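For reference, the structure discussed in these notes is given below.
The values are calculated or read from the model by the stated rules, or taken from the named source; none is laboratory data. Just so it is clear, the model here is predicted, and its values are computed rather than measured. Don't worry about glycine lacking a Cβ; one is built from the backbone with ideal geometry, like all the others, and counts go over all protein chains shown.
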Amino acid sequence: MKSVWWVVFFIGVILVTGLVFILNRYKDVSEGLASRKWPATTGTVVSQEIQSYEIGDSESGVTTRYRVVINYEFHVYGYLYRGTRLRIGKGGYSDQSDASDALERLIDGSQCKVFYNPYDPNNCTLIQGARAELFLAPTFGLMLILFSIWLTWRSRSGTLEL
């Protein structure tokens with residue numbers, strides 16, 4: 001009987017971990033997919049820069065990453081809105097040249113296309129869609145959930161040995 005509880009506990013941990021991976025990125029993925037249907041308007045770049053930051057620690061090593069910091073303004077329904085998001089989802093660039101490429105045409109004072117949520121124009125972005133990396137965590141989470149279902153099936157059929 002004792003081994004049954006370990007199997008249930010193990011499967012439960014895998015299942016919960018899978019759910020955490022999915023829920024962790026759900027908002028970004030769903031918002032990124034929805035943004036592909038958002039209307040666009042013309043905005044103006046107010047400022048832009050590339051900032052560097054470090055992740056990691058002295059034991060495992062420090063890695064320098066780069067983030068794009070941008071501010072733009074646009075008008076919707078006669079109101080002025082300000083945005084700061086280049087694209088949906090967290091993350092930076094591992095190479096400074098990639099961050100520079102993202103800002104290539106976004107010069108202070110230049111026009112830019114702004115995609116906005118028609119129900120909440122404060123929710124806006126300059127690049128539509130979800131980055132491919134956003135799908136990694138939910139995919140891994142789904143694999144963990146399927147694995148926990150398979151383990152449950154194997155344990156119930158008596159073919160799982162621990």
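The table below gives the values:
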| quantity | calculated |
| --- | --- |
| Meets criteria (at pLDDT below 90, loosely packed, with under 12 Cβ neighbours inside 10 Å, part of a strand (DSSP E or B) and charged (D, E, K, R)) for GLU59 | no |
| Matching residues, the stretch 12-62, being of a type in the set (Gly, Ala, Ser) and in contact with a Phe, Trp or Tyr (Cβ under 7 Å, 6 or more places away or on another chain) | SER35, ALA40, GLY43, SER52 |
| Neighbours by Cβ (under 8 Å, 6+ apart or cross-chain): first from the stretch 49-64, in contact (Cβ under 8 Å) with a residue 40 or more places away in the chain; second of a type in the set (Ser, Thr, Tyr) and surrounded by 11 or more Cβ atoms within 10 Å (Cβ to Cβ) | ILE50/TYR66; ILE50/SER100; SER52/THR64; SER52/TYR66 |
| Identity of the residue in the stretch 90-132, under 25 Å from ILE55 (Cα atoms) and in contact with a Gly (Cβ under 6 Å, 6 or more places away or on another chain), that ends up surrounded by the most Cβ atoms within 10 Å (Cβ to Cβ) | ALA130 |
| The stretch 63-91: number of residues that are closer than 17 Å to PRO39 by Cβ and assigned to a loop (DSSP other than H, G, I, E, B) | 3 |
| Failed condition for PHE74, given (1) in contact with a Ser or Thr (Cβ under 6 Å, 6 or more places away or on another chain); (2) buried (at least 17 other Cβ atoms within 10 Å of the Cβ); (3) under 25 Å from LEU136 (Cβ atoms) | (3) |
| First in the stretch 79-108 and without any contact (Cβ under 8 Å) to a residue 60 or more places away in the chain, second anywhere and surrounded by fewer than 17 Cβ atoms within 10 Å (Cβ to Cβ) and of a type in the set (Ser, Thr, Tyr), Cβ under 8 Å, 6 or more apart | GLY92/TYR53; SER94/THR63; GLN96/SER52 |
| Looking only at the stretch 12-48, and only at residues there that are part of a helix (DSSP H, G or I) and among the aromatic types (Phe, Trp, Tyr), the one that is farthest from TYR116 (Cα to Cα) | PHE21 |
| Residue in the stretch 30-39 that is farthest from GLN128 (Cα to Cα), counting only those that are in contact (Cβ under 8 Å) with a residue 12 or more places away in the chain and surrounded by fewer than 14 Cβ atoms within 10 Å (Cβ to Cβ) | PRO39 |
| Residue satisfying condition, being of a type in the set (Asp, Glu), in a helix (DSSP H, G or I) and modelled with pLDDT under 80, within set GLU133, GLU161 | GLU133 |
| Residue check, LYS27 surrounded by 11 or more Cβ atoms within 10 Å (Cβ to Cβ) and free of Cβ contacts under 8 Å to residues at least 24 places away in the same chain | yes |
